[in-house]
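Novice: Input: one structure, supplied below.
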Amino acid sequence: MELSLATRAVAGHTVLEVGGEVDVYTAPRLRQLLLEVHESGARHVVVDLGRVDFLDSTGLGVLVGALKRLRAAGGTFRLVCSREPLLKIFRITALDQVFPLYDSVESAIAADPDAASAQ
């Protein structure tokens with residue numbers, strides 16, 4: 001399956017909607033878009049994994065790298081993930097202790113009320 005990527009702005013956040021499979025073949029595209037988002041000045045990013053069917057360790061590495069870049073810049077990085085197969089991956093790798101995980105874009109944005117005024 002292909003990877004689909006789309007961005008939109010919501011309440012001071014850049015929301016990246018990801019769909020399909022994030023694996024060794026498609027993760028470089030996700031990495032490139034996350035770098036472009038960061039380099040454009042976005043400091044509050046929400047990645048919506050709601051349409052992701054598969055996520056491997058390469059994809060997890062891309063997400064960890066983006067989290068580190070945004071934190072170093074004083075920003076926030078939140079994941080929307082409500083699908084049990086993906087949640088299981090985050091629990092097994094203990095990344096559920098690293099990433100703020102939310103069940104909707106709205107709840108991820110609501111958890112960061114100062115971001116809307118910061119951008």
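The values are calculated or read from the model by the stated rules, or taken from the named source; none is laboratory data. Quick caveat, the model's predicted, so the values are computed rather than measured. With ideal geometry, Cβ positions are generated from the backbone for all residues, glycine too; neighbour counts draw on all protein chains shown.
Matching residues to (1) in contact with a strand residue (DSSP E or B) (Cβ under 7 Å, 6 or more places away or on another chain); (2) over 17 Å from L95 (Cβ atoms):
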{"site": "R8", "(1), (2)": "yes, yes"}
{"site": "L35", "(1), (2)": "no, yes"}
{"site": "H38", "(1), (2)": "no, yes"}
{"site": "L55", "(1), (2)": "yes, no"}
{"site": "T58", "(1), (2)": "no, no"}
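Novice: Check every one of the strands (runs of 3 or more DSSP E) wholly within the range 1-55 and list those with 1 or more residues that are modelled with pLDDT of 95 or more, surrounded by 21 or more Cβ atoms within 10 Å (Cβ to Cβ) and acidic (D, E).
Specialist: On the way: elements: 3-10, 13-22, 44-55.
It comes to 44-55.
Novice: Go through the residues of the range 65-87 one by one and say whether even a single one is in a helix (DSSP H, G or I), surrounded by 20 or more Cβ atoms within 10 Å (Cβ to Cβ), modelled with pLDDT of 95 or more and in contact with a His (Cβ under 9 Å, 6 or more places away or on another chain).
Specialist: yes
Novice: Taking the range 72-115, which residues are under 11 Å from H44 (Cα atoms), of a type in the set (D, E, K, R) and more than 12 Å from the chain's Cα centre (by Cα)?
Specialist: D112, D114
Novice: Still on this structure: For H38, work out the one condition from (1) in contact (Cβ under 8 Å) with a residue 24 or more places away in the chain; (2) on the phi > 0 side of the Ramachandran plot it doesn't fulfil.
Specialist: With (1) in contact (Cβ under 8 Å) with a residue 24 or more places away in the chain; (2) on the phi > 0 side of the Ramachandran plot applied to H38, the lone miss is (2).
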